[in-house]
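The structure appears below as structure tokens.
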Amino acid sequence: MSTKLDNGTVLPFGLLGNNPGNAMAGFNKSYKNYPLRIGVVMETYPVSSDRNKSKLTTEYDVLVIEQHEDKGATTILYRNCMSAEGLGSVADFFETTKRKKKKKTTKGDSTNLSGQNGAVVLMLCLDAMSDKGVIISALTHPDRKTTLKTDEPRLEGEYNGVNIKVEPDGSTMLTFRGATDNDGKIIDKNQGDTIIKIEKDGSYQVNHKTITQRFAKDGAASLTADGDISNTTKKNFNVTATENINLTATKDFNVECAKLLAKASGSATLECQKLMVKSESEITMAGTQFKVEAEAMAMIKAAAITLDGQVSLGGPGGLPVLLLTSLMLGVGNMGSPVLSVAIAGYANKVTAQ
């Protein structure tokens, strides 16, 4: 091979030399890429993207930090890598989208594991071929502090603002905080928090800022809401209590139905400030005894009133009622009828039939 150009320039010795070692290294890099790599997700290609090659699942460009033996480290971009996730069948699957880097805080053009907000992943090459990169797992991001503080068994995970915790005492909590950005910050704070909690004794509770529903292990259950509570069923709605049922309304209590039946095995008491009973047809009240008492006045008004049975009229403080034996006192003229006044033998209460 000539080292002299047409214009007479002589190239340095070895510039166009053939190094068998470099050729072997290039071959091994392409077809014998065995090491486990760590890198950062730089770009994401969903199946709808024209840059997605497999059309099977989301693909990623991963910037990998590589070191070959005792040589210097460098970064290499592996394109269109699939991720090892899911349960491997048509019926059973588990998929997630990994976050790509959107910003970095370190200076310069280089990308490190820290100082950026992309997912930190582990990668291997299928068949040891560099153009078949597969993300097999992920590592803890250097910019996120771990939640594991002791050696006790504990689990915590979060994806797009949905957080789950399993504490050492067995209690579990799932928290919906709302969608998050790449830095883990809430995008819309009005979305959360909604918390589902199972306590260590098995008590269960769901709550957010306006509603709390709780089912305690001791058998107590409660529902508290700042707004309306509505229950709708297409069939029967049954409520049974072996002891008391207490209903309290600080304002109106409205009941609307086709037929109303209330039955008490014992006594029944109704107390109110004002009572009005209205019926479009007849009103029937039956009992062994019927008593109406008014402190001021009782008034009955109808076109016709029928009292069937023995009727008692009168009472303390009422006008006297004359009897057959009543004594009358009158002053007249020679035995002619005169106005008389009862002076004895009268009653304050009588019975009529």
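The values are calculated or read from the model by the stated rules, or taken from the named source; none is laboratory data. It should be emphasised that the depicted structure is a prediction, and the values quoted were computed from it without experimental measurement. Cβ sites come from the backbone with ideal geometry, for glycine too, and all protein chains shown count toward neighbours. The accessibility values were calculated without ligands, DNA or RNA, using every heavy atom of the protein model including side chains. Shrake-Rupley method; radii C 1.70, N 1.55, O 1.52, S 1.80 Å.
What pairs come out if I take residues in the range 295-312 that are within 30 Å of Gln273 (Cβ to Cβ) and pair them with residues that are modelled with pLDDT under 90 whose C-beta lies under 8 Å away, six or more apart or interchain?
Ala298/Val292
Consider Asp188 carefully, then state whether it is assigned to a loop (DSSP other than H, G, I, E, B), exposed (fewer than 14 other Cβ atoms within 10 Å of the Cβ), without any contact (Cβ under 8 Å) to a residue 60 or more places away in the chain and more than 25 Å from the chain's Cα centre (by Cα).
Details: assigned to a loop (DSSP other than H, G, I, E, B): yes; exposed (fewer than 14 other Cβ atoms within 10 Å of the Cβ): yes; without any contact (Cβ under 8 Å) to a residue 60 or more places away in the chain: yes; more than 25 Å from the chain's Cα centre (by Cα): no.
In short, no.
Pairs needed: first member in the range 7-28, of a type in the set (S, T, N, Q); second member anywhere, open to solvent by 60 Å² or more (accessible area, probe 1.4 Å) and at pLDDT below 65; C-beta distance under 9 Å; at least 6 residues apart or different chains.
These pairs meet every condition: Asn18/Met1.
Would you check if Asp6 is loosely packed, with under 13 Cβ neighbours inside 10 Å, within 52 Å of the chain's Cα centre (by Cα) and of a type outside the set (A, V, I, L, M)? Before the answer, list the steps.
On the way: loosely packed, with under 13 Cβ neighbours inside 10 Å: yes; within 52 Å of the chain's Cα centre (by Cα): no; of a type outside the set (A, V, I, L, M): yes.
For Asp6, the condition - loosely packed, with under 13 Cβ neighbours inside 10 Å, within 52 Å of the chain's Cα centre (by Cα) and of a type outside the set (A, V, I, L, M) - is not met.
Does Ser340 count as within 20 Å of Val350 (Cβ to Cβ) and either touching a residue at least 40 places away in the same chain (Cβ under 8 Å) or of a type in the set (Ser, Thr, Tyr) (or both)?
Details: within 20 Å of Val350 (Cβ to Cβ): yes; either touching a residue at least 40 places away in the same chain (Cβ under 8 Å) or of a type in the set (Ser, Thr, Tyr) (or both): yes.
Yes; evaluated as a whole, the condition is true for this residue.
Would you check if Lys71 is of a type in the set (Lys, Arg), more than 16 Å from Leu126 (Cα to Cα) and at pLDDT below 90?
Numbers: of a type in the set (Lys, Arg): yes; more than 16 Å from Leu126 (Cα to Cα): yes; at pLDDT below 90: yes.
Judged against the criteria, Lys71 is a match.
Pairs under 7 Å by beta carbon, first residue closer than 15 Å to Met285 by Cα in the range 259-274, partner open to solvent by less than 100 Å² (accessible area, probe 1.4 Å) and in a loop (DSSP other than H, G, I, E, B), six or more apart or different chains?
Sorted first by the residue in the range 259-274, then by its partner, the list stays empty.
Considering only residues of the range 58-92 that are open to solvent by less than 80 Å² (accessible area, probe 1.4 Å) and charged (D, E, K, R), which is nearest to Ser137 (Cα to Cα)?
Glu85
Given the conditions (1) open to solvent by 60 Å² or more (accessible area, probe 1.4 Å); (2) at pLDDT 95 or above, which single one is not true for Val120?
In the conditions (1) open to solvent by 60 Å² or more (accessible area, probe 1.4 Å); (2) at pLDDT 95 or above, Val120 misses (1) alone.
Mind listing just one residue for me: the one in the range 287-321 that is modelled with pLDDT of 75 or more and either of a type in the set (Phe, Trp, Tyr) or outside any loop (DSSP other than H, G, I, E, B) (or both) and, of those, surrounded by the fewest Cβ atoms within 10 Å (Cβ to Cβ)? Even if it seems obvious, please write down each step before you answer.
Step one: list which residues in the range 287-321 are modelled with pLDDT of 75 or more, which gives 287-312.
From what's left, either of a type in the set (Phe, Trp, Tyr) or outside any loop (DSSP other than H, G, I, E, B) (or both): 290, 311-312.
Values: Phe290: 7, Val311: 10, Ser312: 9.
Within the range 287-321, the match that is surrounded by the fewest Cβ atoms within 10 Å (Cβ to Cβ) is Phe290.
Does at least one position in the range 213-231 carry a residue that is of a type in the set (Val, Ile, Thr) and either touching a residue at least 40 places away in the same chain (Cβ under 8 Å) or surrounded by 11 or more Cβ atoms within 10 Å (Cβ to Cβ) (or both)?
Of the range 213-231, the ones of a type in the set (Val, Ile, Thr) are 224, 229.
Cutting the leftovers down to either touching a residue at least 40 places away in the same chain (Cβ under 8 Å) or surrounded by 11 or more Cβ atoms within 10 Å (Cβ to Cβ) (or both) gives us 224.
So far as the range 213-231 goes, yes, one or more of its residues are of a type in the set (Val, Ile, Thr) and either touching a residue at least 40 places away in the same chain (Cβ under 8 Å) or surrounded by 11 or more Cβ atoms within 10 Å (Cβ to Cβ) (or both).
Looking only at the range 159-185, count every residue that is closer than 24 Å to Gln116 by Cβ, in contact (Cβ under 8 Å) with a residue 24 or more places away in the chain and open to solvent by 60 Å² or more (accessible area, probe 1.4 Å) and tell me the total.
The number of residues fulfilling the criteria is 2.
Report those strands (runs of 3 or more DSSP E) wholly inside the range 32-145 carrying at least 1 residues which are within 39 Å of the chain's Cα centre (by Cα) and more than 24 Å from Gly157 (Cα to Cα).
Per the criteria, 37-45, 59-67, 73-83.
Report the residue count in the range 125-173 for those that are on the phi > 0 side of the Ramachandran plot and in contact with a helix residue (DSSP H, G or I) (Cβ under 9 Å, 6 or more places away or on another chain).
Matching residues across the range 125-173 total 2.
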